[in-house]
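Here's the structure, in structure tokens; my notes come after.
Any read-out appearing in this document is the output of simple, stated calculations on the displayed coordinates, not a laboratory observation. Everything numeric in this text was worked out from a predicted model, so none of it was measured. Glycine gets a Cβ as well: all are built from the backbone with ideal geometry, and neighbour counts include every protein chain shown.
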Amino acid sequence: MGTQTTALELFCGIGGFAAAAARMHIRVAEALDQSPVALGVYRLNFPDHHVRKADLEKISAGELAGFDADLWWLSPPCQPYSVRGRKKDLGDPRARSLARILEVFPKIPQKRLPQHLALENVPAFAESQARALVVGLLSDRGYHIHERQLCPTELGIPSRRPRYYLTASREELTPPEPLLLQSQARPLSAYLDPELDDPPAELLVPPEVVARFGEGFRILDPADPNAYTTCFTAAYGKSFMHAGSYLRCQTGVRRFSPMEIAALLHFPPQFRFPESLPLRKRWHLLGNSLSVAAVREVARIFSL
Ligand SMILES: C[S@@+](CC[C@H](N)C(=O)[O-])C[C@H]1O[C@@H](n2cnc3c(N)ncnc32)[C@H](O)[C@@H]1O
């Protein structure tokens, strides 16, 4: 492409794609999301990006055609396709924003379409009506498509977060050779904050909760070289079960701090949250975000 690649980040949240783009020399030309809280975090970390609050349920073909970007990255809501969200697929109101984009997509003039497009979602998206619609529309507009599932554990990161990734390009897509990343694998301890072995009360799981539900928790030993976390969901910090893993510490059992989860997602060390943002909100936003390392791996398929 010669010049620097530009991207449009749809459903940008706190900027998981932006963090990956920074390491790939992609310039995010525009980022859109409807959540003011997520956008506050995004703006704090990417002050130079043009970020806008927008309800994508209302986006028009004209607006989409107006973005001048080589790559569109989409991270639409996952709940319509997840078991937890009851798999209502396109019938779920939370799928309306993606459905709207797909509705207006055929009306965008060919020369205003991006060279590349990518979409990330939960693995069950692969069997959804939404996926069939996306693939059909992109094929009709002449895109080559490649789909894959990827989990950060495949990249040597001790954290499970399997996700579905669709990449599409107007150029032929040849999947690159897998990186030999196992050699770069780091143990869980490398992602932990040593000061939290004696954690503040807000991170500790009350002993009565551990006594009652502990059997069902995934409690990791920080010194275990083979330890890996399960997927941290947006409910971590709210519900105890099936929302993520816990750690054994000096004084009992604790939650992972938001910064430890951000590190496991491979956000850069300088990533931060607004001081006033409550802990639960931080966990919520990270649970909705994505593996920055996985995005970079997936984007290798494009000739950027
Ligand atoms: C799976 S999260 C994507 C998170 C993002 N990739 C990140 O790194 O934080 C889905 C995002 O879609 C946003 N969203 C949901 N419905 C929307 C709508 N109608 N218009 C714009 N954004 C919407 C949510 O606020 C949320 O940030």
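A few points about this structure:
- Applying 1/(1 + (r/R0)^6) with r as the Cβ-Cβ distance of ASN226 and LEU179 and R0 = 22 angstrom yields a FRET efficiency of 0.55.
- The chain: C-alpha gyration tensor shape, a/c 1.5 cut-off, then a/b vs b/c: prolate
- Annotation note: GluC sites (Glu not before Pro) in region 208-304 located in DSSP loop regions with a Cβ neighbour count of at most 16 within 10 Å are GLU275.
- In a reduced charge model with +1 at each Lys and Arg Cβ and -1 at each Asp and Glu Cβ, the chain shows a dipole moment near 660 debye about its Cα centre.
- Amide N proximity, region 120-140 versus VAL104 label position 7 Å along Cα-to-Cβ, cut-off under 12 Å: none
- Within the shell of other residues whose beta carbon sits under 13 angstrom from the beta carbon of VAL295, the net charge comes to +3, with Lys and Arg scored +1 and Asp and Glu -1.
- Gain upon complete extension [GLU154, THR3; 0.36 nm per residue less C-alpha separation]: 51.2 nm
- Counting neighbouring beta carbons within 10 Å and listing from fewest to most, the residues ILE14, ILE145, ILE59 come out as ILE145, ILE59, ILE14.
- Each of LEU179, LEU220, LEU265 was scored by other Cβ atoms within 10 Å of its Cβ. Listed from fewest to most, they are LEU179, LEU220, LEU265.
- Fewest-first ranking of MET24, MET241, using other Cβ atoms within 10 Å as the exposure measure: MET241, MET24
- Using a Gaussian network model of the chain in which every pair of alpha carbons under 10 angstrom is joined by a spring, one finds that among ASN226, ASN121, ASN45 the greatest mean-square fluctuation is at ASN226.
- Contact order normalised by residue count of the chain, Cα under 8 Å, 6+ apart, percent: 17
- Gain in span if fully extended, ALA65 to PHE213, counting 0.36 nm per residue against the direct Cα distance: 48.1 nm
- Just checking the listed ones, GLN115, GLN34, GLN270: in the Gaussian network model of the chain with Cα springs under 10 Å, the one fluctuating most is GLN270.
- Length released on extending from LEU44 to HIS25, taking residue separation times 0.36 nm less the Cα-Cα span: 4.9 nm
- Computed [θ] at 222 nm, helices only, for the chain once each DSSP H run of length n ≥ 4 contributes -39500 (n - 2.57): -7000 deg cm²/dmol
- Pairs of Lys residues in the chain that lie 8 or more places apart, or on two chains, and have C-alpha atoms under 23 angstrom apart add up to 6.
- Model label points for LYS111 and HIS144, set 7 angstrom from Cα along the Cα-to-Cβ axis, are 2.5 nm apart.
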